[in-house]
Amino acid sequence: WSESGITYDTRPTLGDVLGNIGPVSENQIIEIPLEIEFKEGEDLCLAIDPTSCDGIFYKTRESDSPPELVIEYVE
């Protein structure tokens, strides 16, 4: 899929749950270790799927303070 071609109605189906964030506060930095079997050359797609109405809103990269995803890979 391409970022410019995806909409809410055409979004990919989510797969397995890899982690659970739980309740968060505004501007909180969250670190979650994920156990992922990953083979060289494979694509990796991650999604945040809110399951509660705790009042947290995730901003887009076009916002004045875009989110940051940091990935550290250890073999």
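The values are calculated or read from the model by the stated rules, or taken from the named source; none is laboratory data. Keep in mind the model is a prediction, meaning the values are calculated, not measured. Quick reminder, even Gly has a Cβ in these numbers, built from the backbone with ideal geometry, and neighbours come from all protein chains shown. Only protein heavy atoms, including side chains, enter the accessible area calculation; ligands, DNA and RNA are left aside. Shrake-Rupley method; radii C 1.70, N 1.55, O 1.52, S 1.80 Å.
Residues of the chain: accessible area per residue at 1.4 Å, in Å²?
Heavy-atom accessible area per residue stands at 105 Å².
Principal axis extents for segment 1-52, Cα atoms only, whole Å, descending order, please.
Largest to smallest, the principal-axis extents are 32, 29, 19 Å.
Assigning unit charges at the beta carbon (Lys, Arg +1; Asp, Glu -1) and nothing else, what dipole magnitude in debye, to the nearest 20, does the chain show about its Cα centre?
With Lys and Arg at +1 and Asp and Glu at -1, about 300 debye.
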